[in-house]
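Student: First the structure, then my questions, so here it is.
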Amino acid sequence: MKKKKVIVIGAGFSGLSTATELADKGYEVMIVEKNEQAGGRARVFKEQGFTFDMGPSWYWMPDIFDNYFARFGKKTSDYYTLKRLDPSYSVILSDSEVVDMPADYDALRNLFESIEPGAANALDRFLEQAAYKYKVGIQEFVWKPSVKITEFLSLRILVDALRMDVFSSFYSHVRKFFKSDTLLKLMEFPILFLGAISQNTPAMYSLMNYAEIKLGTWYPMGGMHLIVKGMVDLALSKGVQIEYHAEVNGFAIEGGKVKGVKTSKGVFEADAVVASADYHHVETLLGEAHRNYDEAYWDKRVMAPSSLLFYLGINKRLPRLKHHNLFFDRDFSIHSHEIYTDPSWPSDPLFYASTPSVTDPSVAPDGCENLFLLIPVAPNLEDTEAVREQYFEQLMDRLELYCGVSIRDAIVYKRSYAHQDFIGDYHAFKGNAYGLANTLMQTAILKPSLKNRHLKNMFYTGQLTVPGPGVPPSLISGIVVAKEVDKLLK
Ligand SMILES: Cc1cc2nc3c(=O)[nH]c(=O)nc-3n(C[C@H](O)[C@H](O)[C@H](O)COP(=O)(O)OP(=O)(O)OC[C@H]3O[C@@H](n4cnc5c(N)ncnc54)[C@H](O)[C@@H]3O)c2cc1C
């Protein structure tokens, strides 16, 4: 019997995940990808002996990656070798106050206790609750397609929702355990990954602290792109066909169904379509009659931040920098106000510096440093070369002061990346980097639906639908939607 055909738009984590799952279930699957390589926001480029991962640099929740490959009878180690980082990361609170987060839990307890008496036991209690949230959140909640409210209407789930602290904020939750500013900063950092401030983030996301502290910060030797390479190899081994340089520019629609996908390489017929490209962009290609949400809806969404990024090749080693460095030496309330409340270029930003060459000699020539800088900024800002340069100078001043050496004169490669690039490369709505913020009003059933309401064989996956932004959720999103496609087609 002829296999039913599914077209997946986009070869990022969610697209690769859904394609592999569907191919494994026996469908003929083709991915159409506009760019020249897979990975989406996690693409890679090489210049002058440096290997730059373009997006994700934090490998958290190793169990999700392990489970992903295990679904298909594989192990993570079949594709890459993981190293646990110790310290997990370094937090620069001021030039003289730097906290290195130890990977070892007892050492971390001691560190907490030295900052605030009683904090070690408070950490135990905090993480005990967070462990429960991780278990229920990651093993159950994130696997729900969230298309019907009835999925959540059981007594057990309602009890769980209360125990999960879905309705209180992370901000007030964490303050029940810790008082010191330093500890609050350390505990609030992981939820920044969710793209919202702690006042607007449900306390359930203390599961991120569990992930960070108990499950650890890891790094695939060679670079984060090896995860993508592993996923592509696995997809191809299942028979998935990937068409690169195939930009989708419209759909063939007939009788309430998508019949095919129009691309720069021609029209491809399909029994079902899964769009992993940015949700809003796909909606514009579908047109008024077939999209799920109008522009007014999208305009009201709280987007996670965009980013101003710099990829730098440095021809010497940089003292003091660890693999992950968080420069939290400025007032976060001002910076977050400039991201969320009054979107504008930040006056004096916090930033993140990643130096993977500290762990992995393969990503830079001998004696050199691979430096990736990230400033979280509001989406939809006017992004010009002059603005980028102004921030570059600011970061150089701060880094040179912190490292105690000159850096500008050691730069042998430099590339910047911001809103215009996110739009040009990924059709990112308002130039967003991380999709939608995980606020309470944008959780589960309240997120953009993974099903199209007008076209019964059209689906969405990825960081703008359930369960949310980040690499592990994108992997899960792909599997969740594949099950829905299978329910329709089988
Ligand atoms: C700078 C940065 C740092 C990050 N750091 C981390 C981190 O440390 N840890 C973590 O877990 N997460 C991190 N993230 C988030 C993570 O990278 C994303 O959540 C995840 O990669 C999203 O995957 P996706 O499949 O939903 O979307 P994408 O990666 O955007 O994939 C969508 C694909 O669709 C393609 N596409 C778009 N339009 C079309 C079209 N018309 N036709 C064909 N193809 C199209 C795009 O080219 C792209 O390949 C980071 C993101 C960024 C940007």
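Student: Please give the net charge around V44, taking every other residue with its beta carbon less than 10 angstrom from that of V44, where Lys and Arg add +1 and Asp and Glu add -1. Intermediate results must be reported in sequence, preceding the final value.
Tutor: Working: positive: R43, K46, K229; negative: D53.
Cβ neighbours under 10 Å give a net charge of +2.
Student: Can you list the aspartates and glutamates whose alpha carbon sits under 12 Å from that of K74, skipping same-chain ones fewer than 8 residues off?
Tutor: Within the straight-line cut-off, K74 pairs with D66, D233.
Student: Expressed in nm to one decimal, what extension gain is obtained for the pair D106 and L236 from 0.36 nm per residue of sequence separation less their Cα-Cα distance?
Tutor: Contour length minus the Cα-Cα distance gives 42.5 nm.
Student: Could you compute the net charge surrounding M458? Neighbours are other residues with a C-beta less than 13 Å from the C-beta of M458; K and R count +1, D and E count -1.
Tutor: Summing Lys/Arg as +1 and Asp/Glu as -1 gives +2.
Student: What is the Å³ per residue value for the convex hull set by the Cα atoms of the chain?
Tutor: Spread over its residues, the Cα hull of the chain gives 142 Å³ apiece.
Student: Let me check something: with ligands and nucleic acids excluded, how do I375, I149, I115 order by accessible area (1.4 Å probe), largest to smallest?
Tutor: Details: I375 0, I149 100, I115 55 Å².
Output order, biggest surface exposure first: I149, I115, I375.
Student: While we're here: Count the lysine pairs in segment 405-490 whose Cα atoms lie under 15 Å apart, taking only pairs 8 or more positions apart in sequence or on different chains. All intermediate terms of the calculation are to be shown ahead of the outcome.
Tutor: Numbers: K451/K483; K451/K487; K456/K483; K456/K487; K456/K490.
Close lysine pairs under the 15 Å cut-off: 5.
Student: Output ³J(HN,Hα) for segment 222-236: one whole-Hz value per residue in order, computed from phi by the Karplus curve 6.51 cos²θ - 1.76 cosθ + 1.60 with θ = phi - 60°, and x for Gly and Pro.
Tutor: These are the phi-based 3J(HN,Hα) values: x, x, 5, 5, 5, 5, 4, 4, x, 5, 5, 4, 5, 4, 5 Hz.
Student: How tilted is helix 471-489 with respect to the longest principal axis of the chain? Cα atoms for both, answer in degrees (0 to 90, nearest 10).
Tutor: Once rounded, one gets 10 degrees.
Student: Does segment 267-313 come out rounded, prolate or oblate by the C-alpha gyration tensor, with a ≥ b ≥ c the root eigenvalues, rounded set by a/c under 1.5 and, if not, prolate when a/b is larger than b/c and oblate if not?
Tutor: Oblate shape, in that a/c is at least 1.5 and b/c is the bigger or equal ratio.
Student: Compare the peptides 346-353, 300-307, 477-484 by average per-residue count of other Cβ atoms within 10 angstrom and give them in order, highest first.
Tutor: Details: 346-353: 19.5, 300-307: 21.9, 477-484: 23.5.
Ranking, from highest mean packing down: 477-484, 300-307, 346-353.
Student: Which order, highest average first, do 80-87, 469-476 follow once you tally other Cβ atoms within 10 Å for each residue and take the mean per peptide?
Tutor: Output ranking for 80-87, 469-476: 469-476, 80-87.
Student: Once you place label points 7 Å from the Cα toward the Cβ at R175 and L446, how far apart are they in nm?
Tutor: 2.0
Student: Follow-up question, since we're still on this one. Let me have the 222 nm mean residue ellipticity of the chain computed from DSSP H runs of 4+ only, each contributing -39500 (n - 2.57), with the sum over all residues rounded to the nearest 500.
Tutor: Numbers: 15 runs with 159 residues, N = 490.
That calculation yields -9500 deg cm²/dmol at 222 nm.
Student: Also: Past the 31 Å Cα-Cα mark, which pairs from K5/K133; K176/K214; K144/K257; K4/K75; K214/K322; K238/K262?
Tutor: Violating the 31 Å Cα-Cα cut-off are K5/K133.
Student: Just for the chain, what percent of DSSP beta bridges are antiparallel, to the closest 5?
Tutor: 70
Student: If R0 is 51 Å, what FRET efficiency do you get for E382 and R125 from their C-beta distance, rounded to 0.05? Intermediate values should be presented prior to the final figure.
Tutor: Values: r = 46 Å, r/R0 = 0.91.
Result of the calculation: an efficiency of 0.65.
Student: Net charge near E338, counting Lys/Arg +1 and Asp/Glu -1 over other residues with Cβ under 13 Å of its Cβ?
Tutor: Result for the local shell: -2.
Student: Please give the helix 62-71 orientation as an angle from the longest Cα principal axis of the chain, in degrees from 0 to 90, rounded to the nearest 10.
Tutor: The angle comes out at about 30 degrees.
Student: Quick check: the angle from helix 13-24's long axis to the longest principal axis of the chain, C-alpha only, nearest 10 degrees?
Tutor: 40
The values are calculated or read from the model by the stated rules, or taken from the named source; none is laboratory data. This is a predicted model, so every value here is computed, not measured. Note that each Cβ is placed from the backbone with ideal geometry, even for glycine, and that neighbours are counted across all protein chains shown. The area values use the complete protein model at the heavy-atom level, side chains included, leaving out ligands, DNA and RNA. Shrake-Rupley method; radii C 1.70, N 1.55, O 1.52, S 1.80 Å.
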